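*Asks:* The structure under discussion is supplied below as structure tokens; questions concerning it will follow.
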Amino acid sequence: MEESLQNRVEKLEAQVKQQAETLDELTQQLKSLQASIPQHPSIKEEDSKEEVSDREFPPAWPIVTLSTRMEWSTPTDATDTTDATTEESPKVAVVHQTEAVETDWEHLLVRVWLPRIFIIVLLIGLLYGFIAAANAGLLIPELRCLIGVALGALLLLLGERQLRAGRTALGQVLLGGSISALVITTFSAHMLYDLISTTPAFALQVLWIAGGVLLAERHRSQALAILASLGGYLVPFLVKDTHPNTTFFVSYEVLLAAAFLWLSTYRSYHVHYLTTSVLFHVTMFIFFMGTHEDQLLMAAGIGVHHLILLSLLLTGRPLSQLLQVGLVFSTAALTMAWWFGLLHDDSKTLYTNGLLGFAILYFALFLLYRQDRQVRAPLFFSIAALSTMFYLLNQFSEAGDAAVALMVEAVCSLWVAYSVRNTWQKAVGVFILFIGGCMAIYEPIREIFATPTLDWIVLLVGLAVYGWLERRDVAESAPNTASYTLYRALSVLLAGLLLVFMTQVTDVLSRGLDRDGQHMAISFLWMFYALGVIVFGFLKKSRYVRLGGVIMLFLTLGKLVLVDLPIVSMMVRAFLMIAIGALGLLISRLFYTKNTRS
């Protein structure tokens with residue numbers, strides 16, 4: 001027994017000794033690592049800690065604190081009753097501290113924004129110089145253009161030199177200025193001095209833009225890529241063209257957009273991706289304002305641009321999902337709006353077929369990606385629903401059945417949205433229901449068996465279905481949730497629209513009566529409606545519904561006093577006042593009965 005205990009003690013001592021040796025080795029390695037860290041003049045040692053000054057290094061540098069205090073105790077066996085000896089061995093602890101970094105306004109203003117602002121000032125001065133020299137007859141035009149090219153080359157060399165020296169912001173600005181100087185010089189030689197014709201000028205402009213793209217790719221600069229895309233989109237407007245060629249313009253802009261979008265996706269340039277998409281529609285709008293020819297080609301180019309964005313979302317390298325999804329959705333809506341403006345009057349059949357094709361395409365994509373319920377499926381279903389909405393508006397607007405078609409589509413969209421539990425799809429369904437509902441409310445009921453009556457019935461049924469779908473996800477015991485608030489708002493809206501619908505129907509049915517009879521009919525409708533709401537509240541044991549019925553009763557009283565009494569005869573006044581007074585007392589008695597039972 002003693003031998004086994006002694007063996008255990010020896011084994012523990014050997015393990016402790018081995019751990020001590022390992023710890024000493026680690027301590028030596030950390031000391032050598034600490035000694036190898038380069039010391040900067042701005043780094044001051046204080047209380048065995050190193051603090052890196054934010055003035056000399058960028059804010060993104062990690063702040064490392066080196067400490068030489070750490071205690072280590074030799075464990076003792078539980079059976080050893082002697083005093084344990086404690087050894088202290090120096091250790092190095094590396095701690096990454098997160099500190100609030102103050103904004104270096106000097107760096108931000110002088111190194112970042114100062115060169116950007118004043119390179120623009122320089123380029124504006126260059127353009128003014130070309131114009132002033134032309135007006136004053138200073139120098140010959142060829143020499144002026146050579147000076148502009150020399151300035152572009154000088155800025156290019158200076159930019160490369162600054163980048164090699166580590167001055168990234170200044171170097172990128174100078175490179176961008178060089179491309180801009182070359183573009184302005186070519187523009188002046190072509191537009192102001194007529195030194196070169198349209199084709200060489202266009203080729204040179206494309207060459208400068210291609211050089212800007214190569215510089216952006218070489219230096220991994222998103223800023224240069226944005227500048228190159230801006231110049232690339234504006235190239236067709238920088239050359240003379242008395243008879244604009246729509247085919248060439250649209251083809252050039254679409255190919256340029258495809259190239260820049262691919263570059264943005266490949267290099268994960270989020271801002272460039274957004275800028276490229278926006279600039280495409282801006283240049284198309286500028287061209288459309290200048291010429292109204294070949295609108296079919298413009299509509300086709302805009303559709304192709306949207307399909308490029310869609311293909312990059314499906315097959316391209318992952319970028320920001322929010323950015324890509326937002327652009328696909330927004331450009332889909334813009335494309336349909338463009339088609340409406342370009343094709344609705346002259347090529348209505350093409351417009352309708354385009355919307356139908358959009359709807360079929362995105363419904364197919366929705367079915368294909370239905371498992372992705374967070375991003376792609378809601379996006380595709382939303383675009384399909386919107387394109388279907390525009391298609392139905394275009395098909396049924398002349399026949400007057402567009403409201404019914406839209407509300408039926410909205411109910412189907414809401415049903416799918418609540419089945420997959422996606423908020424985005426719910427919003428699209430509500431939007432379509434809102435459009436259809438506004439169209440139904442706008443047209444008053446003049447006959448019982450007419451389209452407006454059907455529109456109102458479909459609207460009421462659609463709201464009831466929407467409320468029922470919302471009610472399925474809401475518990476009565478959770479009155480403070482947003483869903484329950486929405487459900488109550490829908491109930492109030494449905495009750496109000498139902499009263500408006502019944503009032504219109506009663507007005508149509510009572511047209512054969514005199515004025516007193518019409519007012520009595522509508523007033524009695526309101527009174528019985530208030531009574532019905534209160535009884536329904538008792539049946540459902542809902543105090544909110546009962547209070548709504550009481551409010552409705554007071555509204556009826558207000559209508560009676562403000563609208564009916566000044567118009568109807570004395571006999572009708574007495575009859576209406578007696579009726580509503582008796583109804584109020586009866587309702588009060590019902591509430592007393594309810595309290596007694598409680």
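The values are calculated or read from the model by the stated rules, or taken from the named source; none is laboratory data. The shown structure was predicted, so the numbers you read here are calculated from the model rather than taken from an experiment. Using ideal geometry, Cβ is built from the backbone for each residue, glycine included, and neighbour counts are taken over all protein chains shown. Ligands, DNA and RNA are stripped out before the accessible areas are found, and what is left, the full protein with its side chains, is counted by its heavy atoms. Shrake-Rupley method; radii C 1.70, N 1.55, O 1.52, S 1.80 Å.
*Asks:* Filter segment 536-561 down to the residues that are without any contact (Cβ under 8 Å) to a residue 24 or more places away in the chain and surrounded by fewer than 16 Cβ atoms within 10 Å (Cβ to Cβ) and list them by number.
*Replies:* Passing the criteria: 536, 539, 540, 541, 542, 543, 547, 551, 554, 558, 561.
*Asks:* Checking residue 217 against (1) over 28 Å from residue 383 (Cβ atoms); (2) surrounded by 17 or more Cβ atoms within 10 Å (Cβ to Cβ): exactly one of these is not met. Which one?
*Replies:* Condition (2) is where residue 217 drops out.
*Asks:* State yes or no: is residue 414 modelled with pLDDT of 85 or more, farther than 19 Å from residue 309 by Cβ and of a type outside the set (S, T, N, Q)?
*Replies:* For residue 414, the condition - modelled with pLDDT of 85 or more, farther than 19 Å from residue 309 by Cβ and of a type outside the set (S, T, N, Q) - is met.
*Asks:* May I ask you to say which residue of 297, 313 is closer than 21 Å to residue 384 by Cβ and in a helix (DSSP H, G or I)?
*Replies:* Matching residue, one of 297, 313: 313.
*Asks:* Which one is nearest to residue 528 (Cα to Cα), of the residues in segment 563-582 that are surrounded by 16 or more Cβ atoms within 10 Å (Cβ to Cβ) and touching an Asp or Glu at 6+ places or on another chain (Cβ under 8 Å)?
*Replies:* My answer is 576.
*Asks:* Look at residue 393 and say whether it is assigned to a helix (DSSP H, G or I), modelled with pLDDT under 90 and under 20 Å from residue 329 (Cβ atoms).
*Replies:* Taking the combined requirement at face value, the residue satisfies it.
*Asks:* Answer yes if at least one residue in segment 244-258 is farther than 19 Å from residue 286 by Cβ and in a helix (DSSP H, G or I), and no otherwise.
*Replies:* yes
*Asks:* Could you please find all residues in segment 332-363 being assigned by the TED database to the domain that holds residue 283, hydrophobic (A, V, I, L, M, F, W, C) and under 13 Å from residue 306 (Cα atoms)?
*Replies:* 332, 333, 334, 336, 337, 338, 339
*Asks:* Can you tell me which condition residue 263 does not meet? The list is (1) within 18 Å of residue 198 (Cα to Cα); (2) open to solvent by less than 30 Å² (accessible area, probe 1.4 Å), and all the others hold.
*Replies:* (1)
*Asks:* Are there any pairs, at least 6 apart or on different chains, whose C-beta atoms fall under 7 Å, with the first in segment 278-295 and not assigned by the TED database to the domain that holds residue 260 and the second modelled with pLDDT under 90 and exposed (fewer than 14 other Cβ atoms within 10 Å of the Cβ), and if so, which?
*Replies:* none
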